[in-house]
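The values are calculated or read from the model by the stated rules, or taken from the named source; none is laboratory data. As the structure is a prediction and not an experimental result, all values here were calculated from the model. Positions of Cβ are backbone-derived with ideal geometry, glycine not excepted, and every protein chain shown enters the neighbour counts.
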Amino acid sequence: MPELPEVEITARLIGAAVADARIEAASAPGINALRSFDPPLSAIEGRRLLGVRRRGKLFVVEVDGGLSLLIHLMSAGRLQLFQTRASRRDRASRLLLALSDGRELRLREFGTRQTAWVKLLTAGGMAAEETLATLGPEAWPDPPPLRPLLNEPRPLHSLLRDQRVIAGIGRSWVDEILHAARLSPFKRGSELSQEEAGALRDAVTGELERAIAHYERSLALPIPDKLPMPLRVHRRNGEPCPRCNTRLEAVFYEEHVMCYCPTCQTEGRQLKDRRLSRLLK
Ligand SMILES: [Zn+2]
């Protein structure tokens, strides 16, 4: 599940590798992947790639002539650079940019659902793009003070993952951040003290920085299908807390799992397991 650190390292590695390369052919084999029609995808053929940057959890692939590909990986997409062209049987391909030097930049998606998307936009289209316009401030490297930003009566676990509130954090890193800040995932944003908001901001920047630094040390092209994420809490329920050795617990939801340490985060309380309580109803 790619979040800010995974998108950041991908943008850095691929951006450096493709800068100045020429796009020979562009196609979008996924039926739902291309979500724009004007300009057509063929408008970038013959043009140079200028670079790849990140906004929130999205990629912006910049092409000369003022065009940009806005790419959202959703939950199972990957942006990958290959030394050769894709076989027609690569059913994971959603966008293919064949470069004139023989390499190929691909948006691929794993799993059964097709939700990753791409839009080809002009500068004006980028400025008007709603996905970008509604994004909150970047969670890294320098987010604004969090007390005013999170001042809503919603649980921190959902507020921090709301891209309109703060951009870049998802289901994996939110668990690491709340654990680092010693805050309950169910604490409401509007109930944060000044001190807690400060600790949370430090945890946001600290955890995202830790992840990016880890990837800088350990990753090189080609980026693997499955990134080894340096998580200490998320999906580690049943294991000892890395700080206090208490058994990490989890709350299971339909589509995700929330992990936490009862001693460090919830004053020893075990949070209700929604899955279990539904079964018991
Ligand atoms: Zn603990």
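Quick check, is L221 modelled with pLDDT of 95 or more, under 27 Å from A11 (Cα atoms) and touching a Leu at 6+ places or on another chain (Cβ under 6 Å)? So L221 does not fit the description; no. Within the range 82-89, is even one residue in the same structural domain as F110 (by TED's automatic domain parsing), among the hydrophobic types (A, V, I, L, M, F, W, C) and under 22 Å from T122 (Cα atoms)? Checked against the condition, which is being in the same structural domain as F110 (by TED's automatic domain parsing), among the hydrophobic types (A, V, I, L, M, F, W, C) and under 22 Å from T122 (Cα atoms), the range 82-89 yields no hits at all. When the range 247-266 is filtered for residues that are more than 8 Å from the ligand (Cβ to nearest atom) and closer than 12 Å to P185 by Cβ, the ones remaining, listed by number, are E249, A250, V251, Y253, H256, V257, M258, C259, Y260, T266. Within the range 141-153, no residue that is farther than 15 Å from E196 by Cβ sits with its Cβ atom under 7 Å from a residue that is at pLDDT below 95 at 6+ positions apart or across chains.
Criterion applied to H234, H214, H179 was being touching a Phe, Trp or Tyr at 6+ places or on another chain (Cβ under 9 Å), assigned to a helix (DSSP H, G or I) and modelled with pLDDT of 95 or more, and the one residue passing it is H179. Listed by first and then second residue, the pairs linking a residue in the range 106-131 that is surrounded by fewer than 17 Cβ atoms within 10 Å (Cβ to Cβ) to a residue that is among the polar types (S, T, N, Q), with Cβ atoms under 9 Å apart and 6 or more places separating them unless they lie on different chains, are G111/S75; R113/S75; Q114/N32; T115/N32; T115/S75; T122/S68; A123/S68; T131/Q163. When the range 229-246 is filtered for residues that are more than 8 Å from the ligand (Cβ to nearest atom), touching a Ser or Thr at 6+ places or on another chain (Cβ under 9 Å) and without any contact (Cβ under 8 Å) to a residue 24 or more places away in the chain, the ones remaining, listed by number, are P230, P240. Of the residues A127, A203, the single one that is in a helix (DSSP H, G or I), of a type in the set (A, V, I, L, M, F, W, C) and either within 16 Å of the ligand (Cβ to nearest atom) or at positive phi (or both) is A203. Within the range 260-277, identify whether any single residue is under 30 Å from A133 (Cβ atoms) and of a type outside the set (F, W, Y), and answer yes or no. For the range 260-277, residues under 30 Å from A133 (Cβ atoms) and of a type outside the set (F, W, Y): absent. Apart from one condition, Q270 fits all of (1) within 16 Å of the ligand (Cβ to nearest atom); (2) modelled with pLDDT of 95 or more; the exception is (2).
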